Amino acid sequence: MSKIWVLGDGQLGAMLRHAGMPLDVEVCPIDINADVLPELSPEDKVTAEREQWPSTPVTQALEQHPNFLNRLVFPKLADRVTQKQLLDDLDLSTAPWMVVSDGVDEASIHQQLGDNVLLKRRSGGYDGRGQHWLRSCNNDKIPADWHNHAIAEQAINFDEEVSLIGARDIKGNVVFFPITLNLNTDGILMATVAPVDRIAHLQAEAERMLGKLLESLDYVGVLAMEAFRLGDSLMINELAPRVHNTGHWTQAGSSISQFEYHVRAVAGYPTIPAQIKAPSVMINLIGTPWDERWLAIEGAEVYWYGKDHRPGRKLGHINFCSSDTAQISSQLDQLKDLLPEQYQPAIQWVQTNLTP
Ligand code: ADP
Ligand code: MG
């Protein structure tokens, strides 16, 4: 049977392994700092659960494998400069931007991009880390060591955030999930809802955009596209060459989850369209200690990652899926009582956006 090595051994790798089991595909996530090198066979496949990695004996060994899919896509998307250039080259809408190179100062950034600008580290940022606001009204400054290591993006006054997850198989067939509605608070994903009827009319345009990317990158597997909705148009925020947090709801709401799609595509199996079961919700568990009472909520599908507790860290998530959205709503009311205060607005946001 097929064996897939995953560079990185966080929760995404674990959920890929979980998804491989029913297909008898052995998915082996591997810690990039492991002491023991993986025993790679020529017919194995290699993928990654992160877009960037340091050079270690393990990553060197995996990188040399001829079946490392999308190998050249990772560095292109891991650097925000080359990622934004790709979007510009393909004529895909994205926030106006510039490189924060040596000669660039605050005044020139504001002159080019306006009063409100978001600086983003070129690489390594996630969950809103590696970002710095530059507002002319506050006289904000570029942080000391950010020159040459950041891009500047115009602040986008979007209506809301959405994402599209697509998969492409080895023969070039593409499949997409329904657009997902996302709530990010302080740069970190709190919750998602999908499918949402009122944004369904944007599906074709979102698929056109992501489809163009999948084709042009000759991509195999799952690719995620985060976007801003501005009225009836979409602007791409960023891309991730992997399974994505905004697709976790598919574990509950789709006959084929994003993890299974990625396993299928990498293993060389076909990626047929999935059946979407019913409206689905995902709530991220961020910095919250484990609470066994979550397991007593009917309908709650709990995923706990077993990571060390740290404030602001994603430690797990809970999925709900039901055609009876009033039922999901009351299950969320139960969950609300078991989560810290800062979850109240997120849960209310979900309840508001659940299509009856
Ligand atoms: P990360 O890798 O941390 O997810 P993102 O680029 O997605 O980085 O930024 C995180 C969040 O910050 C986004 O989901 C969005 O809420 C906000 N954000 C990002 N870019 C902009 C922008 N140009 N204007 C306004 N808000 C933004
Ligand atoms: Mg993001």
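Select from segment 227-283 the residues that are aliphatic (A, V, I, L, M) and assigned to a loop (DSSP other than H, G, I, E, B) and list them in ascending order.
V243, I256, I272, A274, A278
Between L295, L285, L315, L332, which is hydrophobic (A, V, I, L, M, F, W, C) and either modelled with pLDDT under 95 or loosely packed, with under 15 Cβ neighbours inside 10 Å (or both)?
Answer to the selection: L295.
Please tell me if K212 is under 28 Å from A267 (Cβ atoms), part of a loop (DSSP other than H, G, I, E, B) and out of contact with any helix residue (DSSP H, G or I) (no Cβ under 9 Å at 6 or more places or on another chain).
In short, no.
Out of I188, I199, I179, report the one residue that is away from ligand 2 (no atom under 16 Å from the Cβ) and more than 17 Å from S329 (Cβ to Cβ).
Just one listed residue meets the conditions, I199.
Take the residues of segment 208-235 that are open to solvent by less than 10 Å² (accessible area, probe 1.4 Å) and under 15 Å from the mean Cα position of the chain (by Cα): which is farthest from ligand 1 (Cβ to nearest atom)?
G221
Restricting attention to segment 150-174, and to residues there that are aliphatic (A, V, I, L, M), more than 12 Å from ligand 1 (Cβ to nearest atom) and surrounded by fewer than 21 Cβ atoms within 10 Å (Cβ to Cβ), which single residue is farthest from the chain's Cα centre (by Cα)?
I170
Suppose we filter segment 185-202 for residues that are more than 16 Å from ligand 1 (Cβ to nearest atom), open to solvent by 20 Å² or more (accessible area, probe 1.4 Å) and touching a residue at least 24 places away in the same chain (Cβ under 8 Å); how many remain?
Counting residues in segment 185-202 that are more than 16 Å from ligand 1 (Cβ to nearest atom), open to solvent by 20 Å² or more (accessible area, probe 1.4 Å) and touching a residue at least 24 places away in the same chain (Cβ under 8 Å) gives 4.
Would it be correct to say that Q60 is open to solvent by 60 Å² or more (accessible area, probe 1.4 Å), of a type outside the set (G, A, S) and within 16 Å of ligand 2 (Cβ to nearest atom)?
When the stated conditions are applied, Q60 does not pass them.
Listed residues E205, E238; which is within 15 Å of ligand 2 (Cβ to nearest atom), touching a Ser or Thr at 6+ places or on another chain (Cβ under 9 Å), in contact (Cβ under 8 Å) with a residue 24 or more places away in the chain and open to solvent by 10 Å² or more (accessible area, probe 1.4 Å)?
Sole residue among the options that is within 15 Å of ligand 2 (Cβ to nearest atom), touching a Ser or Thr at 6+ places or on another chain (Cβ under 9 Å), in contact (Cβ under 8 Å) with a residue 24 or more places away in the chain and open to solvent by 10 Å² or more (accessible area, probe 1.4 Å): E238.
Taking helices (runs of 4 or more DSSP H) that fall entirely within segment 65-121, which contain at least 2 residues that are buried (at least 19 other Cβ atoms within 10 Å of the Cβ) and touching a Pro at 6+ places or on another chain (Cβ under 7 Å)?
So the answer is 73-78.
The values are calculated or read from the model by the stated rules, or taken from the named source; none is laboratory data. Every value quoted in this text rests on a predicted model; they were computed, and no experiment measured them. Ideal geometry is used to build each Cβ from the backbone, glycine not excepted, and the neighbour counts take in all protein chains shown. For the accessible areas, the whole protein counts, side chains as well, though only heavy atoms, and no ligand, DNA or RNA atoms are used. Shrake-Rupley method; radii C 1.70, N 1.55, O 1.52, S 1.80 Å.
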